[in-house]
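Trainee: Right, I'll just put the structure down here and ask away after.
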Amino acid sequence: MGDPQFAIEMHDVGLQLGTQDFHFDCRLPAGAVIAVTGASGAGKSTFLNLLAGFDTAAQGRVLIAGKDVTDEYPARRPVSLIFQDNNLFAHLDIFTNIGLGIEPAMKLSTADRQSITSSLEKVGLAGFEQRMPGTLSGGERQRVAFARALVRNRPVLLLDEPFAALDPGLRIGMAALLLDMHRETGNTVVVVSHDPDEVKRIADFGLFIEDGRIVVAAPIDEFLGREDHAGLTQFLHS
Amino acid sequence: MLLTKAEMRRAMLGGALSLAGIAVFVGLAVFALLLSSGASSILAAVLEPYILRVLRFTLLQALLSTLLSIAFAIPVAQALARQQHVPGRMWIIRLMAVPMGLPVLIGALGLIGIWGRQGLMNALLLKLGMAEPISIYGLSGILLAHIFFNMPLACRLMLAALERVPAEYWLMASGLGMRPGSIFRFIEWPVLRSVIPGIAGLIFMLCATSFTLVLTLGGGPAATTVEVAIYQSLRFDFDPGRAVVLSLLQIVLTSVILGALSFLPAPGDEGTTAGKALRRPDGRLPGARLADGGVLLLAALFLGLPLMSVLLAGLRSDLMKLLREPIFWQSAATSLAISISAAILALLISMTLVSARRAVLLRRSGAMGAGAFFAAMGGASSLVLLVPPIVLATGWFLALRSFDVSAVAPLLIVAINALMSLPFVMRVLEPAFIVHKRRTQKLAASLGVTGWVQLRLIDMPALFKPVLTAFSFAMALSLGDLGAVALFGSDSFVTLPWLVYSRMGSYRTNDADGLALILGIVCLLLTIAGTMGPARREVAVHG
């Protein structure tokens, strides 16, 4: 099917939402950290929704990890998701929140339970199993979301401005944690970001979206060096 | 100093007068009940088998009605929340609002049209070879009617709760591959569990004090609630002693329920997001679509068919003949006069209470008296929940027994209807008034705009909408009310609901159908005018 060197392929994908048209076509390298940038309303979220399966393409094909997922339900795609906020069900404890990532009806084996505990250790929250999300700080809640992504162990991790709600100091620590996880698992990370410094710090590959189209897609050094696109230049120097 | 001395005095005086008026009106009724009961006989009478049976039936039907309404509402609310884009979704939600604005009597007529002996359901079942298995009269009919009126209420409150869930939850659930069972267990049920106690308490209260439905669909000693038993004791058996005992029993019953309710969280419907499109990937699965479609169709039929029956039966009746009858115009005029007076009275009382409550807050005096005055004015507006209309009417009926009741009957009904709508009117007016005042009080005080000018230039334009909402709901409530008029109605004093009810009883059902259609349309129009505002009647009961 797809080419194994690409984690994500979009072949001539098009859809219309309201009055806005979207058209995406790209091949994104496997095992990379890919930053998706662009102005508000340019189509970053739609791009991510197409990968997650919340929006489906009216035309074209979407391949993730070599598998055609164009018409696949969200749960059957090889991806994990982290939003900016509300990643945890506030009325369920941390253990259950992570456990749902392994088995959505919470039928857990002993090994599963063990992996929840060790995932919490890895994100620096050992012993948090019984805590409720409301008693955690914003940064800690995002760490739990990371722990859940760890236990899910999917080849692609999608993040929608995961650190935007955090203090600048925390953001750097969280980005480092993301990179640690990435190196350990070798997954492909697609992260929507508004922050040029963050892009420079973590990404291997950059995408710039404008008016529902990918206008720049390049390895990060080339991406950061591009001077020929006004929108991108403005973003990088904001 | 946001109020001048004169304004402060006027506000306090108005509040005190309203409070005194309510207290005297309700107090005299209760006093009359106590006076005519002869304290010692009460305990003996309560243990009478008949009264025990009535009490048991009241509680039993309220409990069953509550359970069934909620059990039906859960899948409907789930389906509505899950299918954000199903065609006709908005219409189903609007349909849910109709039973709340519809006079109870009209709803009962519609239900009889579908579930009654000559109704659609039994015709259908007969064709299938069953011998009229459904009877609309008795417990099953009462339950059916209570579900008809309360399932939509429960469903709307549950839907609002489900739509308050963060949007990411649903995306995450489908991203994690949670099946409908898991979604129910881990997301929907925890949300519903937090609102169901409040909703159940509210419905239980409404069903325990339901009068008109039980009067039309129940009857007979086997299916009588306390309120209907009061009415029957007074109008048929002429046994005032029993009416008194039952009335006092009803007050005890409502106080117990209200007391229990105060421990439950109030069901709020803030944040009903009609416009916001939620993404529910779990609703896209074909199985979910089919099941939800089925549930919604069933709910739409259950609610829509009786309404359709009212419409069709009404059109089939001889409307022209009805409109030529003087009794129609006479009762319409009576109903109109009573409902407009009741609505104006309710508005006046609540405006004085709201202004006085604000004045107390502005004085910020720590005096004990001020706090008690503030609380008393809030509580007085909900006093009618404790002493239901039928009980009030019974008290006054007994107090005026030796006089000619018919002379003052219209005034009593106006007062009772005004009190009935007061909790609702307060709920609409008070927040609107407080917000408006907070916005304008400093500017108005610094410019010295007071009195009529303030009312005309500043208050009226801003408060017009909530006042209109409150007025139209209060009027619709009074227009459709059969409770208070049931005790005082006579040949010379007839309101529209009373006319419908008596035509139903005298087997001139054709006339009843025509009248019901007219009354139903008027009340629905008033309700529609009212719902353009922010609040709904269901919230009012919770004071």
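Trainee: For chain B, what is the convex hull (Cα atoms) projected area averaged across all directions, in square nanometres?
Mentor: 28.6 nm²
Trainee: Hey, another quick one. Between Rg and the Kirkwood Rh of the range B:142-187, both from Cα atoms, what is the Rg to Rh ratio?
Mentor: 1.18
Trainee: For the protein assembly as shown, state the semi-axes of the equivalent ellipsoid (square roots of 5 times the eigenvalues of the alpha-carbon gyration tensor), sorted largest first and rounded to whole angstrom.
Mentor: Details: eigenvalues 705, 200, 127 Å².
In descending order the semi-axes read 59, 32, 25 Å.
Trainee: How big is the Rg/Rh ratio for the range A:88-153, C-alpha atoms only, Rh by Kirkwood, two decimals?
Mentor: Dividing the radius of gyration by the Kirkwood radius yields 0.92.
Trainee: How far is helix A:110-122 tilted, in degrees, relative to the longest principal axis of the Cα atoms in chain A, given as a value from 0 to 90 rounded to the nearest 10?
Mentor: 70 degrees
Trainee: Arrange B:Tyr50, B:Tyr137, B:Tyr231 by Cβ neighbour counts within 10 Å, fewest through most, would you?
Mentor: Values: B:Tyr50 14, B:Tyr137 17, B:Tyr231 23.
Taking fewest neighbouring Cβ atoms as first place, the list is B:Tyr50, B:Tyr137, B:Tyr231.
Trainee: Sort B:Trp189, B:Trp498 so that the residue with the fewest other Cβ atoms within 10 Å of its own Cβ comes first and the one with the most comes last.
Mentor: Fewest-to-most ranking of B:Trp189, B:Trp498: B:Trp189, B:Trp498.
Trainee: Another question about this same structure. Where the centre of each part is set by its Cα atoms, how far does the range A:52-101 sit from the range A:147-182, in angstrom?
Mentor: Cα centres, the range A:52-101 to the range A:147-182: 15 Å.
Trainee: Return the calculated 222 nm mean residue ellipticity for chain B, to the nearest 500 deg cm²/dmol, obtained by summing -39500 (n - 2.57) across DSSP H runs with n ≥ 4 and dividing by the residue count.
Mentor: -25500 deg cm²/dmol
Trainee: A follow-up question, please. Given points 7 Å out from each Cα along the Cα-Cβ axis, report the B:Ser406 to B:Gln84 separation in nanometres with one decimal.
Mentor: Output for this residue pair reads 6.1 nm.
Trainee: What ranking of B:Met178, B:Met460, B:Met100 emerges when the number of other C-beta atoms within 10 Å of each C-beta is taken as an exposure proxy, fewest first?
Mentor: Fewest-to-most Cβ neighbours within 10 Å comes out as B:Met460, B:Met100, B:Met178.
Trainee: Hey, how many Å between the Cα centroid of the range B:1-31 and the Cα centroid of the range B:344-417?
Mentor: Between the Cα centres of the range B:1-31 and the range B:344-417 lies a distance of 10 Å.
Trainee: Give me the distance in nm between label points sitting 7 Å out from Cα along the Cα-to-Cβ direction at A:Gln234 and A:Ala58, one decimal.
Mentor: Calculated label separation equals 2.7 nm.
Trainee: Multiplying the sequence separation of B:Trp189 and B:Arg164 by 0.36 nm and subtracting their Cα-Cα distance, what value in nm do you get? List each step's numbers first, then the result.
Mentor: Working: separation 25, 0.36 × 25 = 9.00 nm, distance 1.36 nm.
Length gained between B:Trp189 and B:Arg164: 7.6 nm.
Trainee: Between B:Trp91 and B:Leu315, what FRET efficiency comes out of the Förster formula 1/(1 + (r/R0)^6) with R0 = 35 Å and r the beta carbon distance, rounded to 0.05?
Mentor: That pair, B:Leu315 with B:Trp91, gives E of 0.95.
Trainee: Sticking with this structure for a sec: With each run of n ≥ 4 DSSP H residues scored as -39500 (n - 2.57), what mean residue ellipticity at 222 nm is computed for chain A after dividing by its residue count and rounding to the nearest 500 deg cm²/dmol?
Mentor: On the way: 8 runs with 84 residues, N = 238.
Mean residue ellipticity, 222 nm, calculated: -10500 deg cm²/dmol.
Trainee: Any idea how far the Cα center of the range A:30-48 sits from the one of the range A:216-235, in Å?
Mentor: 14 Å
Trainee: Further question: Please compute the length gained on full extension between B:Leu290 and B:Ser262, using 0.36 nm multiplied by the number of residues separating them and subtracting their Cα-Cα distance. The partial results should precede the final answer.
Mentor: Numbers: separation 28, 0.36 × 28 = 10.08 nm, distance 4.01 nm.
Value of the extension gain: 6.1 nm.
Trainee: Hey, with R₀ at 45 Å, roughly what FRET efficiency would A:Ser109 and A:Arg213 work out to, going by the Cβ-Cβ distance, to 0.05?
Mentor: 0.45
Trainee: Let me ask something else. Expressed as a rounded percentage, what relative contact order does chain B have, with Cα pairs under 8 Å and six or more residues apart? Before the final figure, lay out the partial values.
Mentor: On the way: 695 pairs, mean separation 133.8, N = 543.
Value for chain B: 25 percent.
Trainee: Here's another thing I want to ask about it. Suppose we keep just the DSSP beta bridges with both residues in the protein assembly as shown; what percent of those would be antiparallel, to 5?
Mentor: Antiparallel bridges: around 55 percent, rounded to the nearest 5.
Trainee: Moving on. If I stretch the segment between A:Ala39 and A:Arg183 completely, what's the gain in nm (0.36 nm per residue apart, minus their alpha carbon distance), one decimal?
Mentor: 48.9 nm
Trainee: Taking the Cα-to-Cβ direction at B:Leu457 and at B:Ala23 and moving 7 Å from each Cα, how far apart do the two end points lie in nm?
Mentor: 3.8 nm
FYI, it's all coordinate maths here, none of it is from the lab. Worth saying up front: this structure is predicted, and the values here are computed from it rather than measured. FYI the Cβ positions are ideal-geometry reconstructions off the backbone, even for glycines, and counts take in every protein chain you see.
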